[in-house]
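A.B. asks: Provided herewith is a single structure, encoded as structure tokens, for subsequent inquiry.
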Amino acid sequence: MKTIAIVNGPNLHRLGQREPGVYGDGSLADLEATLQAEAEQLGVALRFFQSNHEGALVEHLWELADAGVTGVIFNPAAYTHTSVALRDAIKGAGLKVIEVHISNVHTREAFRHHSYISPVAAGVICGLGLKGYSLALHALAGQ
Ligand code: DQA
């Protein structure tokens with residue numbers, strides 16, 4: 001069975017509490033439960049990981065590659081806009097990443113308009129709320 005990883009970066013552990021006007025009311029646990037149910041319908045296995053630490057995210061990406069998980073749904077959160085290290089891990093480990101943002105980063109502050117991750121991502125979804133993760137899951141499961 002194909003395994004797909006869902007990786008979330010800093011502050012996303014507080015989904016539902018954090019700026020609900022921007023990120024919605026659903027918690028990370030709610031999101032993971034929804035995706036788990038969808039994965040069962042699609043016949044794929046999921047692995048979940050969230051960290052507020054850049055280095056932990058780098059190490060986790062390499063562990064996913066070592067485990068043979070090539071499909072990753074990744075919301076790098078604020079590190080999207082700052083992290084060469086995460087970009088290099090994706091590229092170096094040869095991971096197929098769909099970059100997901102809950103909000104439409106292009107309608108927000110200018111510092112959110114640039115992503116270090118997009119040039120090494122297979123696809124990018126933003127602005128569709130938590131639904132973006134489901135769309136990415138369907139895309140990776142169908143490949
Ligand atoms: C985010 C957008 C980022 O700019 C922000 O730093 C986040 C969340 C999103 O999902 O919309 O933490 O990645």
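A.B. asks: Calculate the dipole size of the chain relative to its Cα centre from +1 charges on Lys and Arg beta carbons and -1 charges on Asp and Glu beta carbons; express the result in debye to the nearest 20.
C.D. replies: Dipole size: approximately 280 debye.
A.B. asks: In sequence order, what are the phi-derived ³J(HN,Hα) couplings for the stretch 129-139 according to the Karplus relation 6.51 cos²θ - 1.76 cosθ + 1.60 with θ = phi - 60°, rounded to whole Hz, with x for glycine and proline?
C.D. replies: Along the stretch 129-139, the couplings run x, 5, 4, x, 5, 5, 5, 5, 4, 4, 4 Hz.
A.B. asks: Quick query: amide H of I4 versus all other amide H atoms, modeled in the peptide plane; which residues come in under 5 Å with a sequence gap of 5 or more or a different chain?
C.D. replies: For I4, the qualifying residues are A45, L46, R47.
A.B. asks: Of H113, M1, A56, whose Cα points farthest to the positive end of the dipole of the chain (charges on the beta-carbon: +1 Lys, Arg; -1 Asp, Glu; origin at the Cα centre)?
C.D. replies: Among H113, M1, A56, the one farthest towards the positive end of the dipole of the chain is H113.
A.B. asks: Taking H placed 1.01 Å from N in the peptide plane, check which residues at least 5 places from I125 or on another chain put their amide H under 5 Å from its amide H.
C.D. replies: For I125, the qualifying residues are E99, V100, H101.
A.B. asks: Also: With a cut-off of 8 Å between alpha carbons and a minimum separation of six or more residues, what is the relative contact order of the stretch 2-143 in percent?
C.D. replies: Reported relative contact order: 27 percent.
A.B. asks: Given a Förster distance of 25 Å, report the FRET efficiency between E109 and Q17 from their Cβ-Cβ distance, rounded to the nearest 0.05.
C.D. replies: With R0 = 25 Å, the Cβ-Cβ based efficiency is 0.75.
A.B. asks: Further question: When the chain is treated as a GNM, springs tying every alpha-carbon pair under 10 Å, which of R47, R108, R14 comes out with the largest mean-square fluctuation?
C.D. replies: Largest GNM mean-square fluctuation: R108.
A.B. asks: Mind checking the dipole of the stretch 1-79: about its Cα centre, +1 per Lys or Arg Cβ, -1 per Asp or Glu Cβ, Debye to the nearest 20?
C.D. replies: In total the dipole reaches around 40 debye.
A.B. asks: Could I ask something else about it? Pick out, from A67, V84, N11, the residue whose Cα sits farthest towards the positive end of the charge dipole of the chain, with +1 on the Cβ of Lys and Arg and -1 on the Cβ of Asp and Glu.
C.D. replies: V84
A.B. asks: Among L46, L31, what is the fewest-to-most ranking by other Cβ atoms within 10 Å?
C.D. replies: L46, L31
A.B. asks: Something else: Two decimals is fine: what is log10 I(q)/I(0) at q = 0.09, 0.18, 0.20, 0.21 Å⁻¹ for the chain, from a Debye sum with one equal scatterer on every Cα and no solvent?
C.D. replies: Evaluating at q = 0.09, 0.18, 0.20, 0.21 Å⁻¹ gives log10 I(q)/I(0) of -0.23, -1.01, -1.28, -1.42.
Rule-based calculations on the coordinates, nothing more; no lab input. All figures in this text were calculated on a predicted structure; none of them were measured in a lab. As a convention, Cβ positions derive from the backbone with ideal geometry for all residues, glycine included, and neighbour counts pool all protein chains shown.
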